[in-house]
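*Asks:* The structure that follows is given in the form of C-alpha cells.
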Amino acid sequence: MADAARILVVEDDRALRDLYVLILRDAGFTVDEAPDGEAALAFLQKGGYDLVLLDIVLPKMDGIKILESLKQNIPDYANKKIVVLSNLGHDEIIGNAVALGAAGYLIKSDYTPDQIVLRVREFLNGK
C-alpha cells in the first residue's frame, strides 16, 4: 500500500480502542485515535481522513453531536467516510447518524478483529 489510508478511531473504551488501533496499524493503515467527543471533533475539524470509526456513546460529546457539528462547520479538508460504531439496540440512533452523513455502521459485538479490518477495507473501497 503506497499511500496508507488515514483512519481515525473514536472510542472511549480504552481496551477496544487500543485493539482497533493495533489491528489497523498492523494492516498497514495510518491511525489516529480519540478517547472522547471533544478530541474527536478537533481531529475531524482538521480533516483529511479516509475513514473514521466513530463510537456513538462518548464522554464530553456524543457521536451524533459530532456529526451535527461537522454539518454546520465543514472542515477545510474533507473526511471521506464516517462509519458509526454501535452496540445492539441503537437502531434509531444509527438512523440519525446515517441521515447526518454517516456512510454506514458496525455493530461492535458482531465482528472479530480480522473482520473489522475486512469491513474497513470494504468501506474504503466503496462497498
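Quick note: the coordinates plus some simple rules give every number you see, no bench work behind them. Keep in mind that this is a model prediction, so the values were computed, not measured. No Cβ is skipped: glycine too gets one built from the backbone with ideal geometry, and neighbour counts run over all protein chains shown.
*Asks:* Compute, for segment 6-124, the length of the dipole vector about the Cα centre, with Cβ point charges of +1 (Lys, Arg) and -1 (Asp, Glu) only. Units Debye, rounded to 20.
*Replies:* It works out to roughly 340 debye.
*Asks:* Let me ask another. Work out, step by step, the length gained on full extension between N125 and S69: first 0.36 nm times the residue separation, then minus their alpha carbon distance; give nm to one decimal.
*Replies:* 17.5 nm
*Asks:* While we're here: With both partners inside segment 6-124, how many of the DSSP beta bridges are antiparallel, as a percent to the nearest 5?
*Replies:* Just about 0 percent of them are antiparallel.
*Asks:* Please give me the summed charge of the neighbours of L19: other residues whose Cβ is under 14 Å from its Cβ, Lys and Arg +1, Asp and Glu -1. Intermediate results must be reported in sequence, preceding the final value.
*Replies:* On the way: positive: R14, R17, R25, K108; negative: E11, D12, D13, D18, D26, E33, D55, D114.
Within the 14 Å Cβ shell, the charges total -4.
*Asks:* In whole Å, largest first, what are the principal axis extents of the Cα atoms in the chain?
*Replies:* So the extents along the principal axes, rounded to whole Å, are 34, 34, 28.
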